[in-house]
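Okay, structure first, notes after.
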Amino acid sequence: MEYLQLGRISLIISFLLIIIGFWGILSQKNIIKIIVSFTILDTGINVLIVSLGYLKGRTAPIIDASVSQGPNHNVLNAIVDPVPQALVLTAIVIGFGVTALLLAYAMKLFKAKRTLEINQFNDLKW
Amino acid sequence: MVSPIYIVAAALGVGFAIGVLGKLGKNFSGILALLTIGFMTFVSSEWLYAFYVGNQVPTYIFTAGFKPPISINLLMGPKEAFLTTMVNFIGLLGGIYLFFNFGRKGRNAYVVYMVFLMSLNVVIMTRDIFNLFVFLEISAIATAGLILIERGNRAVGAGFKYIIATSIISSILLIGIIFAYFYTGTLNIDGLVQAHLSTTATGGIAVFLIMIAAVLEMKPFPANGWGLDVYEGSHQGFSAVVSVATATASYYVLYKLLAIAGPVGSQWDYYLALMGAVTFIGSNLLGVKQKFARRLLAYSSIGQLGLLMLILGLRKYLGDNLDYVVLGILITNLFAKTGFFWLAGIVKAKTLKEWAIIRRKPFFLFLMGTFVFALIGFPPFPSFFAKWTMVMNLARQGGFGWIAVILIGSFLEAIYLFRWFGYAVKGEDTYKYDFNIRWHKITPIVILVAALYYAGYLTSQYTELGRMIDFIPLFFVLVLFAIDFLPVAVKNTIAILGMGTYFYFIYPDLDNLRLIFEVIFMVGGILTLIAGYAYKGKRSGFYPVAILMYAGLTGIIQAHTTLEFFFGWELMTAGSYFLIIRGKRSMPHALSYMLFSVAGAYAILAGFGIANIGQAFPSLDIMNNIQYFPNWAYGLLLIGFLTKTASVGLHIWLPGAHGEAESDVSPMVSAILLKAGVFGIVLALIGMSKSDFDLSALAYTLGWIGALTALFGNIGAVFQEDAKRLLAYSSIGQLGYIVFAFAIMTQLGWLTGFTYVINHFLYKAVLFLTVGAIVLRVGTHNMYEMGGLIKKMPWAFFAVLIGIIALSGVPPLSGFTGKWLFYNAIIEKGWYFQGVIAMFAGGIAFLYLYRLIQTIFLGQLKDNHRNVKEISIWFLIPIYTLLTGILVFSYEPQWVLKPLGNMIAQYFPNNGLHWEGSYAYSHLGYWTGAGVAATVSVVFVIAFILLKIMTRKAHKLEQFDIVFSGERPERPETTHIAYNMYAGFYKAVWPLTVPLVERFWTWMSDLVHETAGFVRRIYSGNGQAYMLHIILYIIILYFITIGGNI
């Protein structure tokens, strides 16, 4: 069971997601599928951030009842690293913005040529 | 001092306000946004000014009441102040340019634009790497939004490729950031620098991910298809801002993150330089094949990014000068590229050829010319000084390979930019559509052009060397630009007076060597300018560029430092290019002239760089004391100068350039301009004569080059039908003699060289002026279309007669002086084989010279020339002044040769001429100018009288004495003796006339074009392929950088 601790599992999953994301971006021809692959990649990165900040046996960095606040007890020893948690929130927001923009572009592209095949949008080349 | 945090606050505040208030009018919102950007510019420039004045220290700005690494901090130092000022300034001008384009998309476009600029400011200032990521993303999102202000499918496609590519890049960055944090526990850049991440294997991967993301933001070749598409596909107003403001920010990101990768000289420096070199050369190579203006600008922009990356990678070599070099390149790119994109947005011509329409409004041509010359790195623009400093430093540190990379890349850029500019100046303008002038679009461009010139001046004043440069002639050129609306006579007078006054003030300071050339340049220049009075109207643009050439010529004469020399050299090249391209069919010839000149100038630059190694101060005297790699240094310098003297192999530009030029321009670029190359050769050879190294092989090679040039130039001249091309080929031959004579490296050899220099100046100016004036009268260059003009133009006939006698080297005129000295020098030196070639070439000269006078002046007058008049008096004045010079030099050569001999004795003290009165003795024999002249004159007169007496009964041949058989030839000129006159001779020497050199250069050109055409197919236009390029680039770079080291 040593190998299946939470941090390691999430790390493996995050890399799997990242690789699946890249694979999708490079192999899918449909623009919507590419965008979905991109969000998978994004999710993978978010999981990676969280799992790198994970410390075994600690709780979320929210100071509430689950964190005992005794006088001799340093709060910092009870919670996981708060910085990655903060980063991941920001990253999620940015990912959301980018995804929205990508979808807006997908709409524009579809309106332009009535297709979502990425091969069809090569007016600019050489 | 306003805290830079207000840049962020103002942009966000106003942005939200516009959004929340909603009801504000579009224009009002727009003006509010512009004011905000103006405020941002004010804040950053206030800081810049404080740093410039020197009473300001770099300041950290903390946020959220905590210190890093808990909170985010910004840094405002001199670099940040400069870069944010530039970004905001360009942003402000861009806002004005795009005002109505934004307006069409609604008020939100203004908000997005403001946020876009704000994000770039933060990217530059932030010291927190995650914050950097966030604002890079914001700028990417804003960019993707603003791309859509251009209508049409192309912009949408480009925007999609852009956003998906940048998303992948920032994903990589984010992974790198989180690993960096994992290993160091900080997100602060300064903290990461101190953590020495790259010393551990795992930290190395974090560094790799961060660095590769920063590199990919710089659009490295070939993983940059998405970048090209954005520059091409989005509105040109916005492309400009992306191409320079975003690029500036990206450069600084790379600069900041490079500190994390390691100290100066670490491995990443090398990788950066490598990737920059590949990008710089790759982009510019593909640009050569490009036919569309927008995409060409995109290639050029990316090339510049590559150059910046290369420079950053070479920081080890540049040391303290890194900032100066980057500043020069960056500021030129900022102003010139922005202006160029905006110009493209106004002109709206798609292909390069269509840009011919731009000259309908000559002021636009001036703007374009400024941008082209600035981008190539001509003086007085900042890039010129940056390039010079860069090459000097690289040479000093032994980075010769990098010098080659930079110069080759720049040369490729010169190819396409000058071709484009050639289309604009001289291309066929057959297009129906026109372009409109809108003031809000022109004003920003004009501001940029003014800023460009001023920045150039400031850059020069920044260094001690730059301050030594004399800007007065250049200022005079600007004055002439300003008064270009005046009639030709007024401008001509002003130009002549200006040159005369300048010459009067500077000539006392010149030594004899320089005085000879200065007289040829300035007095010769004034004489040829006199011919300009023959022209009517305004002759737009002629005087500024002519004086630009003379400014350059006097610049190289007056130069004390290598920088001044190179400055003058480049001015002269630019001016002569403009003069040459004025000819009717000059476009391709001007291009080849320019390309040979640029390549030659780069050879000179590299030569100066090597000469500068180990020297304390780059004065021109270092050429006399080159300490390292002397063969390379002198060899490169000589190659550079030989491009100007059009020596064999490098000569193919000359016949067209001189032949197609205007009537009074041909003598300027032939009789005068070619001597600049000779002056350079003389300087190099003086250095070689003083060198402690054995450089005789170099001189020997030079001698052969000279002899072969004389032969091939003269053979080429024989088979020309075009009188001006004949003279042009003849110049190649004559310059061959000059190069040969100087290469002999003895006192007699040099005396020969100078005699030929003076002679060639005199008679080639006479011949080109006369033939040019005749061409103006008869309207053709072809000799078989002339004939019998002796009766119509006796003065011209006499001038040509004297000119060819002098040129052919027969007694009694000064050509014989040269020949006599020449054979003495050759025999004394023992270069018999080369000497025979030169002698053979001299014999061939008779053929073309005879043809010149026979076919133009003798024979039957053509019907359509019955009413032609004598050539213009304004041509006759300089012609006869020069003829007087020839006669004086022929009859009293000792007046010139004696002091000349004394001067040369400084360098070659032995075996000179020994003078007794007008008798000159060498150890082979003696000779007297006046005596020879008198003897020949007497013989001539006797023979003439005898002939007259013996041919009293001769019948004078009239035109209708000709009888022919009633057959009407298809091409009547073929029956004319003047046509293909030396067909018989051709049968004997045709193998020597095969244009092998032309074929070689054509082959080279095809090779470059075909390579470019093949490589650019990787840009298939498919966004997915571009992502694959990015991933492959990362993988390949991974193997190069980290490889098996884990």
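Scanning the range B:211-235 for residues that are closer than 28 Å to B:Gly95 by Cβ, within 14 Å of chain A (Cβ to nearest Cβ) and either without any contact (Cβ under 8 Å) to a residue 40 or more places away in the chain or part of a helix (DSSP H, G or I) (or both) returns B:Trp226, B:Gly227, B:Leu228, B:Asp229, B:Val230, B:Tyr231, B:Glu232, B:Gly233. In this structure, does B:Ala395 turn out to be more than 17 Å from the chain's Cα centre (by Cα), crowded, with 21+ Cβ neighbours inside 10 Å, in contact (Cβ under 8 Å) with a residue 40 or more places away in the chain and assigned to a helix (DSSP H, G or I)? It is true that B:Ala395 is more than 17 Å from the chain's Cα centre (by Cα), crowded, with 21+ Cβ neighbours inside 10 Å, in contact (Cβ under 8 Å) with a residue 40 or more places away in the chain and assigned to a helix (DSSP H, G or I).
Residue by residue, here is whether (1) in contact with an Asp or Glu (Cβ under 9 Å, 6 or more places away or on another chain); (2) modelled with pLDDT under 95; (3) not β-branched (Val, Ile, Thr) holds:
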{"residue": "B:Leu513", "(1), (2), (3)": "no, yes, yes"}
{"residue": "B:Ala531", "(1), (2), (3)": "yes, yes, yes"}
{"residue": "B:Lys536", "(1), (2), (3)": "no, yes, yes"}
{"residue": "B:Gly541", "(1), (2), (3)": "yes, yes, yes"}
{"residue": "B:Leu553", "(1), (2), (3)": "yes, no, yes"}
{"residue": "B:His560", "(1), (2), (3)": "yes, yes, yes"}
{"residue": "B:Met572", "(1), (2), (3)": "no, no, yes"}
{"residue": "B:Ser586", "(1), (2), (3)": "yes, yes, yes"}
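On inspection, B:Ile622 passes the criterion of being modelled with pLDDT of 90 or more, surrounded by fewer than 24 Cβ atoms within 10 Å (Cβ to Cβ) and not small (Gly, Ala, Ser).
As for the range B:675-694, it holds at least one residue that is of a type in the set (S, T, N, Q) and over 30 Å from B:Arg539 (Cα atoms). Of all residues in the range B:772-792, none satisfies being in a loop (DSSP other than H, G, I, E, B), over 38 Å from the mean Cα position of the chain (by Cα) and free of Cβ contacts under 8 Å to residues at least 60 places away in the same chain. In the range A:74-105, what residues are among the small types (Gly, Ala, Ser) and under 21 Å from the mean Cα position of the chain (by Cα)? Of everything in the range A:74-105, those that are among the small types (Gly, Ala, Ser) and under 21 Å from the mean Cα position of the chain (by Cα) turn out to be A:Ala86, A:Ala91, A:Gly95, A:Gly97, A:Ala100, A:Ala104.
Checked against (1) in a loop (DSSP other than H, G, I, E, B); (2) surrounded by 23 or more Cβ atoms within 10 Å (Cβ to Cβ); (3) within 14 Å of another protein chain (Cβ to nearest Cβ), B:Thr186 passes all but a single condition, namely (2). Against the condition within 26 Å of B:Lys67 (Cα to Cα) and within 11 Å of another protein chain (Cβ to nearest Cβ), how does B:Leu136 come out, does it pass? Here the answer is yes, as B:Leu136 does meet what is asked. The set of residues in the range A:97-106 that are within 10 Å of B:Val156 (Cα to Cα) and more than 7 Å from every other protein chain (Cβ to nearest Cβ) contains only A:Ala106. Residues that are within 14 Å of chain A (Cβ to nearest Cβ) and either touching an Asp or Glu at 6+ places or on another chain (Cβ under 6 Å) or not in a helix (DSSP H, G or I) (or both) were ranked within the range B:1010-1046; the one that is farthest from B:Asn284 (Cα to Cα) is B:Asn1022.
Here B:Leu683 does not qualify as among the aliphatic types (A, V, I, L, M), without any contact (Cβ under 8 Å) to a residue 60 or more places away in the chain and surrounded by fewer than 24 Cβ atoms within 10 Å (Cβ to Cβ). The single condition among (1) of a type in the set (Gly, Ala, Ser); (2) surrounded by fewer than 19 Cβ atoms within 10 Å (Cβ to Cβ); (3) closer than 23 Å to B:Ala455 by Cβ that B:Ser44 does not meet is (2).
Of all residues in the range B:818-832 being within 38 Å of the chain's Cα centre (by Cα) and assigned to a helix (DSSP H, G or I), which is surrounded by the fewest Cβ atoms within 10 Å (Cβ to Cβ)?
Per the stated criteria, the residue is B:Lys819.
Picking from B:Gly901, B:Gly885, B:Gly917, which residue would you name as being small (Gly, Ala, Ser), closer than 27 Å to B:Ile520 by Cα and free of Cβ contacts under 8 Å to residues at least 24 places away in the same chain? None of the others qualify; the one that does is B:Gly917. Answer yes or no as to whether B:Tyr255 is aromatic (Phe, Trp, Tyr) and more than 21 Å from B:Gly91 (Cβ to Cβ). Spelling it out, it is not the case that B:Tyr255 is aromatic (Phe, Trp, Tyr) and more than 21 Å from B:Gly91 (Cβ to Cβ). Return the only residue of B:Ala616, B:Ala546, B:Ala611, B:Ala534 being out of contact with any helix residue (DSSP H, G or I) (no Cβ under 8 Å at 6 or more places or on another chain) and over 17 Å from B:Thr645 (Cα atoms). That would be B:Ala616, the only listed residue that is out of contact with any helix residue (DSSP H, G or I) (no Cβ under 8 Å at 6 or more places or on another chain) and over 17 Å from B:Thr645 (Cα atoms).
Among the residues in the range A:30-46, are any more than 16 Å from the chain's Cα centre (by Cα) and not in a helix (DSSP H, G or I)? Checked the range A:30-46: at least one residue is more than 16 Å from the chain's Cα centre (by Cα) and not in a helix (DSSP H, G or I). When the range A:1-46 is filtered for residues that are at the interface with chain B (Cβ under 8 Å from one of its Cβ atoms) and surrounded by fewer than 18 Cβ atoms within 10 Å (Cβ to Cβ), the ones remaining, listed by number, are A:Leu26, A:Lys29.
When B:Leu727 is tested against the conditions (1) part of a helix (DSSP H, G or I); (2) surrounded by fewer than 23 Cβ atoms within 10 Å (Cβ to Cβ), the lone failure is (2). What are the residues in the range B:618-645 that are out of contact with any strand residue (DSSP E or B) (no Cβ under 8 Å at 6 or more places or on another chain) and of a type in the set (A, V, I, L, M, F, W, C), if any? Selection gives B:Ile622, B:Met623, B:Ile626, B:Phe629, B:Trp632, B:Ala633, B:Leu636, B:Leu637, B:Leu638, B:Ile639, B:Phe641, B:Leu642.
Restricting the range B:140-183 to residues that are hydroxyl-bearing (Ser, Thr, Tyr) and either under 29 Å from B:His196 (Cα atoms) or at the interface with another protein chain (Cβ under 9 Å from one of its Cβ atoms) (or both), the residue that is surrounded by the fewest Cβ atoms within 10 Å (Cβ to Cβ) is B:Tyr183.
If you go through the range A:79-126 and pick out every residue that is of a type in the set (Ser, Thr, Tyr) and buried (at least 19 other Cβ atoms within 10 Å of the Cβ), you end up with 1.
Out of all the residues in the range B:995-1009, is one or more at pLDDT 90 or above and within 14 Å of chain A (Cβ to nearest Cβ)? Yes: the range B:995-1009 contains one or more residues that are at pLDDT 90 or above and within 14 Å of chain A (Cβ to nearest Cβ).
The values are calculated or read from the model by the stated rules, or taken from the named source; none is laboratory data. As the structure is a prediction and not an experimental result, all values here were calculated from the model. With ideal geometry, Cβ positions are generated from the backbone for all residues, glycine too; neighbour counts draw on all protein chains shown.
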